[in-house]
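Notes to accompany the following structure.
The values are calculated or read from the model by the stated rules, or taken from the named source; none is laboratory data. Because the structure is predicted, anything quoted here is derived from the model rather than measured. Cβ: placed from backbone, ideal geometry, glycine included. Neighbour counts: every protein chain shown.
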Amino acid sequence: MSSSPAERAPAPAATAPYVRIDRLTKRFGEFVAVNQVSLEIPRGEIFCLLGGSGCGKTTLLRMLAGFEVPSEGAIYIDGVDVTQVPPYERPVNMMFQSYALFPHMTVAQNVAFGLRQDSVPRAEIEARVTEMLALVQLAGYEKRKPHQLSGGQRQRVALARALVKRPKLLLLDEPLGALDKKLREQTQFELVNLQEKLGVTFVIVTHDQEEAMTLAARIGVMRAGQILQVGTPTEIYEFPNSRFVADFIGSVNMTEGRLVDDAPDHVRIDCPQLGGTVYVDHGVSSPPDAQVSVAIRPEKFQLSRDRPPQQDNLLSGVVTGIAYLGDVTRYLVRLPTGFVLKVTAPNVFRHEERLAHDETVWIHWHASAAVVVTR
C-alpha cells in the first residue's frame, strides 16, 4: 500500500485546538459505541477516522454534527462548548455517503438549498453558487438534474452544497464510497486540493486505508469505540503502536517471538515460526524473555536466488504463489517451518527475469525493517 506521494504536514498547532473532544462516550442501552475518546484537531487539517464496521467512527462523527447527544464528555469547536447545541446552530456541515441530492432539483438548486433555507439574499446565493460550482469544476452544469450526472459529478455537487454555506468544520462520512476505484483515486486528490484552497477543517470517516492515507494529514485508528493511535500516515504505517494497528493498516507479516537479547541499541527476538531470530537495530520497552509480536511489511523484504553475505535477518524458502500486479509482483514464500511470508518486489525493468513457482530463494531484510509491538 502506498501513502500520499507528498505527505502533507499536519496543520500548525495554534494556542488552542480548533476541535477538541474531551472524554466523549456514547451508549446505546448497554452497548458502548464510543468509549472515553479524547482528541484534538488543529484548524485547517484533514483528519481521518479510520476503522472497520462497528468501531464507532460514524457515531463519533454524528456527535460532532449534533445528530447524536453524548452520554458523557464534551465537544468544543473553536473554543466553544457545542455539546448540547443543536445541529442547525453549529458551524458545521456534513456530507453523507449517499450524497442525498434532490432528484427534482437542478445542480444549482441543490447547491443553493441550504442558503435559501437560511434566507440569504438572492443575489448573494447566485454569486456563491457560481463561485462554488467553478471551484468544484462544474461550471456549465447548473441546469442539469442529478440523473444527468456521473457518480463523480454528483459527489462534487454534494461537496459544493456542503461547502457553499462556508462551514468552519466539514464532516464527511465515507464521501467516496460510491465511486469506482479509478474515479475514487482521482477524486481523492481533487478533494485535497479543494480543502487546501478553502482552508476548511475536514473530519473524514472511512474504512478504506488507502483513502485515509491519501487524504489525511493525520489519521486516528479506531477499534471498539476507542482511538488506538493518532499519527501521520507515515507514523501509522511505519511505527504502529499495537499489533492491531500494524495488522489493520496495509499488508504485514506478523509473527510471535521471545526477547532473547536486549540492549539499548538493539534487540534479538527468537521467532519459532520463522525458524530463526530477528535482529532489530534499536531497543524496546520490554524485559528480557518477554513475549512480543514482530511485524514486517512485505516490501521491506529482499529476494535473491543467491545467498547474501549477511548473517542476521536471513531466511530461505520456496516460492508457492505469484501474483503479477503491474507495478509490483507479490510472492508467497514457504519457510521450512511451514510459515508463509508475503513478499512484494517492485517491477523496475520490463524484461526482468522473475522468480518461478517452486524456486528456492533467499529472503533478507534490514535491521530497521521490523516493528516490535508489545500489545
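Yes/no matrix, rows are residues, columns are (1) modelled with pLDDT of 95 or more; (2) over 24 Å from Phe189 (Cβ atoms); (3) not assigned by TED's automatic domain parsing to the domain that holds Thr130:
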| residue | (1), (2), (3) |
| --- | --- |
| Pro12 | no, no, yes |
| Gly44 | no, no, no |
| Gly73 | yes, yes, no |
| Asp78 | no, yes, no |
| Pro86 | no, yes, no |
| Asn93 | no, no, no |
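Mind listing whichever residues of region 133-152 are in a helix (DSSP H, G or I) and either modelled with pLDDT under 85 or outside the structural domain of Pro87 (by TED's automatic domain parsing) (or both)? Within region 133-152, Leu135, Gly151, Gly152 meet the criteria. Residue-level analysis places Leu325 among those that are at pLDDT below 95, loosely packed, with under 15 Cβ neighbours inside 10 Å and hydrophobic (A, V, I, L, M, F, W, C). Quick one: which residue in Val205, Val200, Val245 is modelled with pLDDT of 90 or more, over 21 Å from Arg375 (Cβ atoms) and β-branched (Val, Ile, Thr)? It is Val205.
Within region 166-186, track down each residue that is in contact with a Pro (Cβ under 7 Å, 6 or more places away or on another chain) and assigned to a loop (DSSP other than H, G, I, E, B).
Within region 166-186, Pro167, Lys168 meet the criteria.
Give me the residue from region 328-347 that is at pLDDT 95 or above and of a type in the set (A, V, I, L, M) and, out of that set, nearest to Arg297 (Cα to Cα). Residue satisfying both the conditions and the ranking: Val343.
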